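Structure record follows, encoded as structure tokens.
The values are calculated or read from the model by the stated rules, or taken from the named source; none is laboratory data. These numbers were taken from a predicted model, which means no experiment stands behind them. Glycine also receives a Cβ, built like all others from the backbone with ideal geometry; neighbour counts cover every protein chain displayed.
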Amino acid sequence: MANPHPIQKTLVEERPFHQKDAIKSGLHGAVVGGGAGLLLSAVQNSLAKHNVGAWGVFTRTGGTIAGLTALTTVYSFSKDAAANLREKDDFWNTTIGSFLGGATLALRTGRMPRILGYGASFAVVMTAYDYAGNSLRGKTTEVSGMDEYERKEYLRKNRRRPIDETVADLGEGRGIEPPGYEERRRERLKEKYGVEIKPVSALAE
């Protein structure tokens with residue numbers, strides 16, 4: 001088996017864990033789930049055979065709103081809470097959060113087999129999705145094990161050009177001021193115009 005990439009190995013073993021705001025994540029999940037539930041409830045209400053009125057979104061199919069809101073709230077909160085307790089940011093947090101979220105969705109049935117079945121099914125699907133890099137096409141990051149901030153920092157540093165190459169391509173000036181730029185600029189002005197420019201100090205002597 002090939003040795004892991006040195007950057008990947010360092011990130012996986014030495015990456016510090018950052019605490020997450022589980023309450024904020026839960027509230028965000030409630031908003032997202034509530035909005036999705038409201039939309040789905042409106043669709044269900046519009047397809048009803050009997051005219052139940054606009055309030056049927058809440059009175060007739062309101063359980064859809066409550067179910068999706070509870071699902072996303074518990075999932076988002078539990079995922080970040082598990083990460084904080086374990087002090088690790090991996091797919092197991094998704095497994096825990098999705099199992100509790102799926103179980104919450106089935107609580108209204110009052111049947112333990114359904115509660116466990118919903119939780120296990122949702123956990124399998126969400127864990128596989130998370131393990132694949134939150135994408136149906138698989139992981140797309142150049143170095144696995146990075147969170148979003150570290151991935152962007154890695155890409156930024158990986159594509160940063162040395163200042164010597166930038167100066168060689170564009171030249172000095174126009175905001176490009178490598179070390180020693182002011183001295184070379186004064187020498188060029190003196191050679192071309194015969195004017196000697198002395199640097200001005202902002203400090204009173």
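Does the stretch 95-125 hold any residues that are small (Gly, Ala, Ser) and surrounded by fewer than 14 Cβ atoms within 10 Å (Cβ to Cβ), and which are they?
From the stretch 95-125, those small (Gly, Ala, Ser) are 97-98, 101-103, 106, 110, 117, 119-121, 123; that's our starting set.
The one that is small (Gly, Ala, Ser) and surrounded by fewer than 14 Cβ atoms within 10 Å (Cβ to Cβ): Gly110.
If the condition is being β-branched (Val, Ile, Thr) and farther than 14 Å from Ala81 by Cα, then the stretch 17-52 contributes Val31, Val32, Val43, Val52. Just wondering, is there one or more residues in the stretch 49-57 that are closer than 27 Å to Thr127 by Cβ, assigned by TED's automatic domain parsing to the domain that holds Ala132 and without any contact (Cβ under 8 Å) to a residue 40 or more places away in the chain? Looking for residues that are closer than 27 Å to Thr127 by Cβ, assigned by TED's automatic domain parsing to the domain that holds Ala132 and without any contact (Cβ under 8 Å) to a residue 40 or more places away in the chain, one finds none in the stretch 49-57, hence no. Being modelled with pLDDT of 80 or more, exposed (fewer than 14 other Cβ atoms within 10 Å of the Cβ) and either touching a Gly at 6+ places or on another chain (Cβ under 8 Å) or closer than 24 Å to Gly119 by Cβ (or both) is a property that does not hold for Gly67.
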